[in-house]
Amino acid sequence: MEANIEAYLTHYLDLKMEDLLAFPLQVAELVRKGAEEADSFRQECSDLINKVEKLIQLLRKAARFEKLTANAVGLYERPTRRIMLEVLKALEKALGLVRKCKKSGIIKRVMTITTTTDFRKVNLWLDSSIGDVTWLLNISSSGDERSEFAGLPPIASTDPVLALVWEQVSIVHVGTPEEKADGAEYLGNLAKGNERNVKIIIEEGGAAPLLRLLKEGTVPGQEAAATALGHLATDKERVQQLRNEGASSVFTHILSSHSTSMKVQLQVARVVAKFASLDDEAQGELASQGAIRLLVALLAHQTNTVDSKDGPVSSIAAIVVRTNLTQLRSSTVVRGNNHPHAHNPYASPSSSDARVQPVAMAASSVMARMRSNNPPPLTENPNSGRMVPLRQGSRAHRDLEDPEVKLGLKVEAAHALWKLAAGNIKNCKLITDTCALLCFAKLMKHSGGELKYNSVMAVMEIAAAAESDPELRRAAFKTNSPSAKAVVTQLLEEIMSENGEPDLQVGALSLHAS
């Protein structure tokens, strides 16, 4: 038995949950049997039996709880392992004590002196074990089975924060939707600006339930979870720990979901920017998960603002259409004023200019859709990488969002794209393969403050990457590119503006020079 106890104490972190609970129960049965067979200190052994009986009942309840919920959350593993270790240590001391109370040779009785003080110490250890297991069962329960106030377990008497983290993480595991949101908010407040608490939350398994809540919870729960995860991402090591829990895939799931609240997407975009700024590997992982195209899709949808020159139909798509029409008219004029369709690009073309027809048809089709009452905003199909219309119900719901939330989402999406592009040529190529440059040009023209700043900084990172990569430079900034022209035009306007912001003008000037 001593060898088994030693093995348990050494390898308790590697044991399965059923073995972790079963072995202390076996030792408790031996303690009870030994106390019943004691020849001395009968009253003390009787009191010891009462405590061991109570502990056995709690251990059996914990074992049943874990077995019944084997396919669900079950007992919170981190405190369970720590508590079972302390329980076994207390039972080991109790077992050694009751063995001394059996009749044996006179020499052994002389050499092993037992006093009532020894029983008092063992009783205190057993009381602590009973309190720990009771607390564990309470925080692992849900609904009416959970006490309103669990208090601090004896095991955490020297570190109250540890017990608070355990309790709140457990609530995020098994609480009601409202309790989960409150628990996530509590964890976020604990982590905010406190590196030690961040370390405890992550090491005690707090990241996984927060990510699950972000993916599957209610809107308040998702917001609280995203905020808490942002507070946990304090440096590269913490970001890597969160990535190991699958954070990147959860983020892209939220960004791609049509039904997700824009408030939640705003918070997730903020965390994506933080991940990308703290960890170079996170930049690549997020891009491979499709975060760049999803952020551009959100930015493109939110950048359909009114242009005073073009009327209410102006948007990113309008810039493309306007550029195509200009090129089309120019091509017809070049062929001469005597051409029968020189001033009518929408007329039926002859065989000599049949190649003009697809551009004209596409332009007229896009303009017709844009003038309709319900122009389809763009979003991203993460599987195909193509822009597809939002579902009607989702679009109507998102159009009713608070304007401040819409603006915040644009700010954070542009910020995340800037950080994903920073020092990463591959990501810059992915960004320029989308309509991002047109979005940035539009935002530089119509917005100000943080949104404009983020847009200029994103373009600056792309330009810096293009300066060192000829392939990117040729693809993104070729002279006949509508997006490149739009960006350069807005940079020039920013430089020449008398009311421009100095910081942005310096950045725009350096970009234009490069």
To make sure I understand, if each residue's beta carbon is the centre and we count other beta carbons within 10 Å, what order do 430, 214 fall in, fewest to most?
430, 214
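Starting from the Cα-Cα distance between residue 219 and residue 46, subtract it from 0.36 nm times their residue separation and give me the gain in nm to one decimal. Intermediate results must be reported in sequence, preceding the final value.
On the way: separation 173, 0.36 × 173 = 62.28 nm, distance 5.49 nm.
Length difference between fully extended and current span is 56.8 nm.
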Can you list the lysines whose alpha carbon is less than 29 Å from that of residue 103, not counting same-chain residues fewer than 8 positions off?
33, 51, 54, 89, 93, 121
Amide H partners (placed H, <5 Å) of residue 233, local residues excluded
none
At residue 127 and residue 141, where each label point lies 7 Å from the Cα along Cα→Cβ, what is the point-to-point distance in nanometres?
2.3 nm
In what order do 118, 235 fall by count of nearby beta-carbon atoms within 10 Å, going from fewest to most?
235, 118
Once R0 is set to 56 Å, what does the formula 1/(1 + (r/R0)^6) return for the Cβ-Cβ distance between residue 161 and residue 445, expressed as a FRET efficiency to the nearest 0.05?
0.65
Over 18 Å [Cα-Cα, the range 137-224], rounded percent
40 percent
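Bear in mind these aren't lab numbers, they're just calculated from the coordinates by the rules spelled out. Everything quoted here is computed from the prediction, not taken from an experiment. Because the Cβ atoms are built from the backbone with ideal geometry, glycine has one as well, and the counts that use them run over all protein chains shown.
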